[in-house]
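Comments concern the structure below.
Any read-out appearing in this document is the output of simple, stated calculations on the displayed coordinates, not a laboratory observation. Owing to the predicted nature of the structure, the values given are computational and were not obtained by experimental measurement. Please note: Cβ atoms are built from the backbone with ideal geometry, for glycine as well, and neighbour counts cover all protein chains shown.
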Amino acid sequence: MDTTAPAGEAARYGSGHSVRRIEDPALVTGAGRYADDVRADGQLHLVFLRSPHAHAHIVSIDARDALAMPGVVAVHTGASLAAAGVKPLPVNAAFARPDGSPAASPPRHALAIGTVRFVGEAVAAVVAASREVARAARDAIVVDYQDLPAVAAIDDALAPGAPAVWPAAPDNLAARATHGDARAAADAFARAAHVVALRLVNQRLASNPMEPRAVLAQPEAGGTGRLVVRLSSQMPSGVRDTIADVLDLPRAQVRVRVGDVGGGFGTKTGAYPEDVVTAFAARAAHAPVRWTAERSEEFLATHHGRDIDSTAELALDADGRALALRIRTHANVGAYATRTGVAIQLRIGPWVSTSIYDIPTIDFDLRAVLTHTAPVGAYRGAGRPEAIYVIERLMDAAARRLGLDPAELRLRNMIPPERMPYRNPMGQVYDTGDFPSIARQGLALADWDGFDARAADSAARGRLRGRGLATFLEWTGGSAFEERVTVQVHGDGFIEVYTSTQAMGQGIATAYAQLAVDVFGVPIDRVRIVQGDTDRGQGFGSAGSRSLFTAGSAVQVASQRTVERAKDLAARALECAPQDLEYRDAAFSIVGTDRRVGLFELAARQPDRQVFVDSTSAVSGPTWPNGCHVCEVEVDPDTGVVDVVSYASVNDAGRVVNPMIVRGQLDGGAVQGLGQALCERVVYDRESGQLLSGTLSDYALPRADLIAAFRTEMDTSVPSINNPLGVKGVGELGTIGATPAAVNAVIDALARAGRAQAAEAMQMPLVPETVWRALHGA
Amino acid sequence: MLPIRFTLNGAPVSAEVEPHRLLVDLLREDLRLTGTHVGCDTSQCGCCTVVLDGQPAKACTMLAVQADGAEVTTIEGVRGEGGALHPIQQAFVDCHGLQCGFCTPGMVMATAALLARTPRPTDEEIVHALEGNLCRCTGYVSIVASVRRAAEALAGPRG
Amino acid sequence: MNPFDYHRPATVDEAVRALAGTVDGRYLAGGQSLLPTMKLGLAAPTDLIDLARIGSLRGVRVDGGVVRIGAGTPHAQVAAHDGLARAAPALARLAAGIGDPAVRARGTIGGSLALNDPAACWPAAVLGLGATVRTDRRTIAADDFFVDLYETALEPGELIVEVVFPVPAQAAWQKFPQPASRFSLVGVFVSRGPAGVRVAVTGAASCVFRATGFEDTLAAEWSAAALADVRQSAQALNADLHASAEYRAHLVGVLCRRAVAAAGG
């Protein structure tokens, strides 16, 4: 039955339109409810004492003075948590070390036990009547550390005799994965007409959502024995499960609630030690306990992103057709090898390493390395930016070697649309994609062919102009394709939809509401989207750009099922057969008559004044959004300063539910990608493991002067066939494309000035001094 | 404890504060106005921006006692006619100048301070006025567009 | 932040007396440097003497051949002063480029000079114009004022009341910002006036300094071209995660040439 709404509400507020976001009125008036905004009567405050050493034994912790201070309720340590039965947080993915032993990681205790392994690791927690008292008490705790040698950099960790982060990995190799066929690759390289090799460092980044992490845990009212944990998170269910498991509680005894989230970007997925400690402290105190991170704690202890060092080679024939791709990567996963941190570099990123190109042979050897630094996890793109950076840098280098236009070389290697569905050498199947078309559209939008005139104009102003290209795809989904949605049509005149994906700024509530309007044909202000309560529903949460295509599809299916159920009820109410009814403009009517019943009126007549549907559905696979991003820069040859003067992209995000929101994701994501290319970097001191980039005074985030305008277009003619909406996840696409496009542009500018070799050896971020040195050989 | 009196969102407020209490903590915790946000600890992110005596001020870098005798406006005091959004707020909604919303109150207040002084700012002036406000979600271009739209709504189109 | 006693004097004399009566008191001007420092626990004064009510500390006057800026004048007020913009536009430009709008609304020249942050902007202007720092008890020449990292010639309790700048014939300010903090990675203030040629450099070393090599060349020939072969030594310059000493030295030359060109040379 066709339940898509005809004209009327859907024509303006259904999918395909740039509907103003339903989230906005609250947020723009300061009525958002972020985790730190919520108060609880009798709440206590928790602060963490963190290790000043990168690697040390904890000899003793003396909290007597702290405990004696008025207003101090408790001081928790790793030992006291362990004595209370608190288990370590999960680490490690299902990988093996090079010697075949299981992947190695120290156990990750919520508060360190015996040994600290990165500067900023939590050692103790103080619970007190106010934050001020808690901080004063923290200062009164005396920890006796025995300082140990530490390694912060990959090559130091791998050097013979380096201190081992964990005995099970005496060589500091946590895990290793290989993919492809080394022999076949060696043969291809041997017979290749051209081989391009690059050393590529994808530097460590700090996610820096504007809202720091925050947790408020409290025993449930009414003495139920349950624990309610409110926090800023992308994955309420996952956090619920981990907290329950680690505290040895039945999962049903923990409820997680999430309100507004001020940015996630992947670093608010999964439970952190601080979440566990705060939850434990609330149970121990039989009172609400809250903790909010300082920005310095975000830098120290929120999972970092990226941090891989690769040697990458591309073998090509005389016509520039790629024969093989060989990559050797060391990934710095930090002191604790988290499941995500290992998987994104050893498996997930590699899924897209050959990208949109028809490269038959691969040989990847990828190793996760332990160091005395903060753990690395998912950060916007999570493995795919790293992989795409490698191949797009190789493509530009190959083009330069062969004397080909970088776009032309790429077009020669692109998988043509008639090869869809296409299985890549990692065994991943792309469902749809017309990469050459997207590339040509992007080049046209960027006026690729008009570059020389612009370069001359730049030169007249004393600037070196360069252009950089990224044509690429990415994988979305998180490998979780099923979603459960509940729909309640209330007799009071509204429709409440619950999903367990999680808003963090990406506008999914509006998109879901539009999808509901498509089906129900009600005004959009009658649709309420509810998220963030594990008592209402559980699921994977929001990560990997999955929300719209998995949960959005589930919202559509659930809405359709609801109309079906309502139709049966309407048939009974109107005493006819369901097939005599049509649904239009929020009412059921018997075709050819004026006998009708409105949707809400129908709901009001039901025993509990509602029509309720609990619907679970799944999509059939991931989506493969893709794009062509073109960046132009001007370089000041006297200082090495890079200005981004143009950024144009054409993107295949499949069908688009809200163009305004999709552009926002692409452009906002691109600025994060530009940040990696030009100014962001987490820096640890090599000797001491101290974090040198520990505040916003030293970690350079992009500001409003970075870029003046984007030209961003979407081609909606290639819908995904893996989900009923035809959409492709877009949240990370902009970030993935911007970094290589910008870096390629800067290298191009320097190459045109005769400095190609030095330029290709530059590593990100391309800060002015780096560019200046490459330009002048200083 | 020291007594302070100031005007907050158009209404008189009295409070007794310790000298070391920050203005942002007075607003968020004592007065329960949680629209002003704390995003950093080094006075750089601008999420705590309010308007004080017509100028933008970082509430995290002010003592509450320094607000004595001042006129303070927070995001909660920004409203349009008859319960509608203020034109600045409507502009942010129309131009998709917010995503997660955490930096948004600070952006709106910085915009209000700018447009009160400079009703028809150039794009360069807008960017300069926002250099103390960080956003991680939008990439800023839509925020600049929002400010441009707000200026037009309030003062008419640029010549 | 640690608790402290708070004083709000109405005059300079009251302020100086109030501070003298404390164990470890500090003056509070705009608070844009002091309060962040106290929040981080790097400073814990027993008392704060809030200067905000002392009207005599605020104001900009252009008086014949000098510009007088009250120590308690916020940077935004300096940047917006028409008379100053005409007489010494480099000063207006410098003030307009400090921090961000909220910092400029409250931060003061007196606060900046008393702190003597090695990357602050005002020290370069004071040294670069040969200004005079007037305190509650004496006047101090620019060349004597800046001693070392966070150290000035001020005695304990000494309060800056006014800074007096000679109006130059030509002057310019060039700032290369540190991308995260937006302080000067290197900032250069050049001037030519009755007292000769001065080139002051901030951000590059532990304290603002005069680049005498550049000054000597410019005194002989006031032009950017004349500086083509003048180099700043990297020795004793700062090196950190943002830039090496060599790059800072290079920027001194670039910014000095640009400043002279902007100043009409």
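The Cα-based radius of gyration of region C:177-265, divided by its Kirkwood radius, gives an Rg/Rh of 0.97.
Summarising the amide proton neighbourhood of residue A:207: residues at separation of 5 or more, or on other chains, whose placed amide H is nearer than 5 Å comprise A:305.
Could you pull out the trypsin sites (Lys or Arg not before Pro) across region C:163-265 that fall in loop regions by DSSP (anything but H, G, I, E, B) with no more than 12 other Cβ atoms inside 10 Å?
On the way: sites: C:175, C:182, C:192, C:198, C:210, C:231, C:248, C:257, C:258; in loops: C:182, C:231.
Loop-located and lightly packed - C:231.
Label zone (residue A:12, point 7 Å along Cα-to-C-beta; backbone nitrogen cut-off 12 Å) within region A:509-539: A:523-525.
Report the rotationally averaged projected area of region A:185-267 based on its alpha-carbon convex hull, in square nanometres.
On the way: hull surface 40.2 nm².
That works out to 10.1 nm², a quarter of the Cα hull's surface.
When you restrict to C-alpha pairs under 8 Å that are six or more residues apart and normalise by the size of chain B, the relative contact order lands at 24 percent.
Ellipsoid fit via the Cα gyration tensor, region C:36-128: semi-axes of 25, 15, 12 Å, each the root of five times an eigenvalue, largest first. Whole angstrom only: what separates the Cα centroid of region A:77-130 from the Cα centroid of region B:85-159? Comparing the Cα centres of region A:77-130 and region B:85-159, I get a distance of 44 Å. Amide H to amide H distances under 5 Å link residue A:727 with A:655, A:720, where only residues 5 or more positions off or on other chains count and H is placed in the peptide plane.
Can you sort A:728, A:268, C:39 from fewest to most other Cβ atoms within 10 Å of each residue's own Cβ? Present the calculation step by step, with values, prior to reporting the outcome.
Working: A:728 33, A:268 30, C:39 18.
Starting with the residue having the fewest Cβ neighbours, the order is C:39, A:268, A:728.
In a solvent-free Debye calculation with one equal scatterer on each Cα, what is log10 I(q)/I(0) for chain C at q = 0.10, 0.11 Å⁻¹, listed in the order of the q values? Listed by q, the Debye log ratios stand at -0.48, -0.58.
Return the loop-located trypsin sites (Lys or Arg not before Pro) in region A:658-690 (DSSP other than H, G, I, E, B) with at most 10 other Cβ atoms within 10 Å of their own Cβ; answer none if there are none. Walk me through the numbers before you get to the answer.
Values: sites: A:663, A:681, A:686; in loops: A:681, A:686.
Answer in residue order: no site qualifies.
Full extension of the chain segment joining residue A:616 with residue A:453 gains 53.1 nm, where the gain is 0.36 nm per residue of separation less the Cα-Cα distance.
Which FRET efficiency, nearest 0.05, do residue C:148 and residue A:594 yield, Cβ-Cβ r, R0 60 Å?
Numbers: r = 91 Å, r/R0 = 1.52.
My answer for the efficiency is 0.05.
So what is the diffusion coefficient of region A:103-230 in µm² per second by Stokes-Einstein at 37 °C and 0.692 mPa s, using a Kirkwood Rh over Cα pairs? Each step should come with its number before you reach the end.
Details: Rh = 20.7 Å.
In µm²/s, the coefficient is 159.
In plain terms, the C-alpha convex hull of region B:81-155 casts an average shadow of 4.6 nm² when viewed from every direction.
Centre-to-centre, using Cα atoms only, region C:50-108 and region A:686-758 are separated by 40 Å. Taking label points 7 Å from Cα along the Cα-to-Cβ direction, residue B:116 and residue B:154 give a separation of 0.9 nm. For region A:484-497, backbone phi angles converted through the Karplus equation (6.51, -1.76, 1.60; θ = phi - 60°) give residue-by-residue couplings of 10, 10, 10, 10, 10, 8, 8, x, 6, x, 9, 10, 10, 10 Hz, Gly and Pro being listed as x. Taken over region A:659-778, the alpha-carbon convex hull comes to 177 cubic angstrom per residue.
Comparing mean-square fluctuations of C:220, C:195, C:180 from a GNM of chain C with C-alpha springs under 10 Å, the top value falls on C:180. With 31 Å as the limit, the listed pairs A:268/B:58; A:87/C:39; A:87/A:728; A:268/C:39 have A:87/C:39; A:87/A:728 beyond it between alpha carbons.
Reported to two decimal places, what Rg/Rh ratio describes region B:2-77 when computed on Cα atoms with Rh from the Kirkwood expression? Mind dumping the intermediate values first?
On the way: Rg = 11.1 Å, Rh = 12.1 Å.
Looking at region B:2-77, the ratio lands at 0.92.
For region A:2-72, the alpha-carbon coordinates run over 71, 35, 25 Å along the three principal axes, in decreasing order.
Tell me the net charge near residue A:310. Cut-off is 9 Å between Cβ atoms, residue A:310 excluded, with +1 for each Lys or Arg and -1 for each Asp or Glu.
On the way: positive: A:199, A:328; negative: A:309, A:386.
Combined, the nearby Lys, Arg, Asp and Glu give 0.
Calculated FRET efficiency, residue A:193 to residue A:753, Cβ-Cβ distance, R0 = 25 Å: about 0.35 to the nearest 0.05.
Could you list the GluC sites (Glu not before Pro) in region A:359-424 that lie in coil according to DSSP, counting only those with at most 14 other Cβ atoms within 10 Å of their Cβ?
Here no loop site has a sparse enough neighbourhood.
For region A:477-549, what is the Kirkwood estimate of the hydrodynamic radius, computed as the reciprocal of the mean inverse distance between distinct Cα atoms, to one decimal in Å?
Values: mean 1/r = 0.0786 Å⁻¹.
So the Kirkwood estimate lands at 12.7 Å.
Note on residue A:101 and residue A:284: the model spin-label points, each 7 Å out from Cα along the C-beta direction, lie 3.3 nm apart. The value of relative contact order for region B:2-77, using C-alpha pairs under 8 Å at least six residues apart, is 41 percent.
For region A:38-110, the spread of Cα coordinates along the three principal axes comes to 55, 34, 23 Å, biggest extent given first. Within region A:427-525, the percentage of alpha carbon pairs spaced more than 22 angstrom apart rounds to 62%.
What number, rounded to the nearest 500 deg cm²/dmol, is the helix-based mean residue ellipticity at 222 nm of chain A, given -39500 (n - 2.57) per DSSP H run of at least four residues and division by all its residues?
-8500 deg cm²/dmol
In order along region A:228-244, the Karplus-derived 3J(HN,Hα) couplings, from 6.51 cos²θ - 1.76 cosθ + 1.60 at θ = phi - 60°, round to 10, 10, 9, 7, 8, 8, 8, 9, x, 5, x, 5, 4, 4, 5, 4, 4 Hz, and Gly and Pro are given as x. For residue A:379, the residues 5 or more places off, or on other chains, whose built amide H falls under 5 Å of its own are A:306.
What is the projected area of the convex hull of the Cα atoms of region C:95-136, averaged over all directions, in nm²?
Details: hull surface 13.2 nm².
The number I arrive at for region C:95-136 is 3.3 nm².
Cα convex hull, region A:259-371: 145 Å³ per residue, rounded to a whole number. Note on region B:17-159: Cα Rg divided by 2.2 N^0.38 Å, N the number of residues, gives 1.01. Extending 7 Å from the Cα toward the beta-carbon at both residue A:606 and residue A:572 defines two label points whose distance is 1.0 nm.
Above 16 Å lies some portion of the pair distances; for region B:68-124, what is it as a whole percent of all C-alpha pairs?
Numbers: 786 of 1596 pairs.
The share of Cα pairs beyond 16 Å in region B:68-124 comes to 49 percent.
I need to check one value: relative contact order of chain A, counting alpha carbon pairs closer than 8 Å and at least 6 residues apart, in percent. Walk me through the numbers on the way to the answer.
Details: 1979 pairs, mean separation 125.7, N = 778.
Averaging sequence separation for qualifying contacts and normalising by length gives 16 percent for chain A.
Backbone geometry of region A:115-120 corresponds, through the Karplus equation with coefficients 6.51, -1.76 and 1.60 at θ = phi - 60°, to 3J(HN,Hα) couplings of 9, 9, 10, 7, 4, x Hz, x marking Gly and Pro. Volume of the convex hull of the protein assembly as shown (Cα atoms only), normalised per residue: 182 Å³.
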